[in-house]
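**Q** Just dropping this structure here.
All of the numbers you see were taken from the coordinates with simple rules; none came from a lab. As the structure is a prediction and not an experimental result, all values here were calculated from the model. No Cβ is skipped: glycine too gets one built from the backbone with ideal geometry, and neighbour counts run over all protein chains shown.
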Amino acid sequence: MDELIRAISKDGDVSVSVISSGSITERARLIHGTTPVVTAALGRTLAAASIIGSTLKKPEASLTVRINGGGPAGTILVVSDYLGNVRGFVENPKVDLPKNATGKLDVGGAVGKDGMLSVIKDFAEKEPYTGAVQLVSGEIAEDFAAYFSASEQIPTACALGVLVDRDRSVLAAGGYIVQLLPGAPEDTIDAVERNVAATGAVTNVLKNGGAEALLESIMRGFSPRVLERTPVEYRCTCTRERFLTALKSLDKNDLDDIREKGEPVETLCQFCDAVYLFDPAEI
Ligand code: ZN
């Protein structure tokens, strides 16, 4: 089961969110038929979006992350609800690239770094809040760290990972976002940096001990207090009614075409591949 844990250090100087999102990532892979490098790119984005989305607090709120680095994978689009349940897709899910110089999946190469990471928080009443930063590497975690540093002015360490098996299924996925509260003492900062270094690749920790083990590793020595523990999943919110509403709002020419052809209209949900069929008379 995937879960998200939010915790704070005893003295309140360090806050952390960790997520184990292996099932979410595997579901995304099965829906979209992604290659390992795209599974990693999408999985990292889903993990970060879930962590940020779960902070929205209002049931009608949603969060959209859009990454477009100009790489062969194209745009990544991920949406989270206020509980951290996520859905997403990648423009070119079948893009494959050789491993990078360090023998890892070349996520930065697939995503590219010539573009922006944008985060849109929609509270369904006021204007949505949009924050955007220039991509740093297209490796996703560094890009989210830059987003937090720039748009929220909070020193942030972020690590995200997806471990893909030989048969292309997802063995583990997830990550963490650690933030230092203003005025955190120098030795606290040093201790966080040591923990980050000692934790190493997040998927190794997640594979063996889940989100709990990752939390312990990042917060070693800080006596963390758990504030929230939430189950999260890949969840699409599409409905037949929503697609019908969209069809009805097509312009007059398109509606006339549908009527003249007289054939059923098929729509496809980009997030979950659900197909809905409509009779022209309905539209
Ligand atoms: Zn759907």
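**Q** Along its three principal axes, how long is the chain when you only count alpha carbons? Whole Å, largest extent first please.
**A** Computed over the chain, the largest-to-smallest principal extents equal 73, 44, 35 Å.
**Q** Next question, about the same structure. Which loop-located trypsin sites (Lys or Arg not before Pro) does the stretch 100-191 contain, where loop means any DSSP state but H, G, I, E or B and the Cβ has at most 16 other Cβ atoms within 10 Å? Before the final figure, lay out the partial values.
**A** Working: sites: Lys104, Lys113, Lys121, Lys126, Arg166, Arg168; in loops: Lys104, Lys113, Lys126, Arg166, Arg168.
Counting only loop positions with at most 16 other Cβ atoms within 10 Å, the trypsin sites (Lys or Arg not before Pro) in the stretch 100-191 are Lys104, Lys126, Arg166, Arg168.
**Q** Report the one residue of Ala40, Ser137, Ser169 whose Cα lies farthest in the direction of the positive end of the charge dipole of the chain (charges on C-beta: Lys and Arg +1, Asp and Glu -1; origin at the Cα centre).
**A** It is Ser169.
**Q** Starting from one equal scatterer on each C-alpha and no solvent at all, send me the Debye-based log10 I(q)/I(0) for the stretch 52-91 at q = 0.23 Å⁻¹, two decimals.
**A** -0.67
**Q** If you average the sequence gap of Cα pairs under 8 Å that are 6 or more apart and divide by the length of the stretch 141-218, what percent do you get for the contact order? Don't skip to the end; give the middle numbers.
**A** On the way: 90 pairs, mean separation 19.7, N = 78.
Value for the stretch 141-218: 25 percent.
**Q** Between Ser223 and Glu60, how high is the FRET efficiency from 1/(1 + (r/R0)^6) when r is the Cβ-Cβ distance and R₀ = 30 Å? Nearest 0.05. Don't skip to the answer; put the middle values down first.
**A** On the way: r = 36 Å, r/R0 = 1.21.
My answer for the efficiency is 0.25.
**Q** What Cys residues in the chain are without a partner cysteine, judged by a Cβ distance under 4.7 Å?
**A** Here Cys158 come out as lacking a disulfide-compatible partner, given the Cβ-Cβ threshold of under 4.7 Å.
**Q** Please list the equivalent ellipsoid semi-axes of the stretch 1-144, computed as the square roots of five times the alpha-carbon gyration tensor eigenvalues, in descending order and whole angstrom.
**A** Values: eigenvalues 126, 59, 49 Å².
Calculated on Cα positions only, the semi-axes equal 25, 17, 16 Å.
**Q** Let me ask something else. Val196 to Ala132: FRET efficiency via 1/(1 + (r/R0)^6), r the Cβ-Cβ distance, R0 35 Å, to the nearest 0.05?
**A** Numbers: r = 26 Å, r/R0 = 0.73.
The calculated FRET efficiency here is 0.85.
**Q** If I model a spin label as a point 7 Å beyond the Cα along the Cα-Cβ vector, how far apart are those points for Asp11 and Leu250 in nm?
**A** 6.3 nm
**Q** For a quick check of your reading of the filter: which GluC sites (Glu not before Pro) in the stretch 106-145 sit in a DSSP loop and have no more than 13 other Cβ atoms within 10 Å? Could the numbers behind the result be given before it?
**A** Values: sites: Glu125, Glu139, Glu142; in loops: Glu125, Glu139.
In loop regions of the stretch 106-145 (DSSP not H, G, I, E or B), the sparsely surrounded GluC sites (Glu not before Pro) are Glu125.
**Q** Further question on the same structure: Tilt of helix 252-261 relative to the longest C-alpha principal axis of the chain, in degrees (0 to 90, nearest 10)?
**A** 60 degrees
**Q** Let me ask something else. Once the other residues with Cβ under 15 Å from the Cβ of Glu193 are scored (Lys, Arg +1; Asp, Glu -1), what is the net sum? Each step should come with its number before you reach the end.
**A** On the way: positive: Arg194, Arg220; negative: Asp13, Glu186, Asp187, Asp190.
That sum, taken over residues with Cβ under 15 Å, equals -2.
**Q** Would you please state the base-10 log of I(q)/I(0) at q = 0.13, 0.17, 0.24 1/Å for the stretch 124-213, with intensities from the Debye formula using one equal scatterer on every alpha carbon?
**A** Ignoring solvent entirely, the Cα scatterers give -0.57, -0.87, -1.21.
**Q** How far, in degrees from 0 to 90, does helix 141-151 lean away from the longest principal axis of the Cα atoms of the chain, to the nearest 10?
**A** Computed tilt is about 90 degrees.
**Q** So how tilted is helix 202-218 from the main axis of the chain? Cα-based, degrees 0 to 90, rounded to 10.
**A** Approximately 60 degrees, to the nearest 10.
**Q** What percent do you get for the relative contact order of the stretch 156-271 when only Cα pairs under 8 Å and 6+ apart count? Walk me through the numbers before you get to the answer.
**A** Working: 77 pairs, mean separation 20.8, N = 116.
Relative contact order comes out at 18 percent.
**Q** Next question. So what is the calculated 222 nm ellipticity per residue for the chain, using -39500 (n - 2.57) for each DSSP H run with n of 4 or more, over all residues, to the nearest 500 deg cm²/dmol?
**A** Dividing the helical sum by the residues of the chain leaves -10500 deg cm²/dmol.
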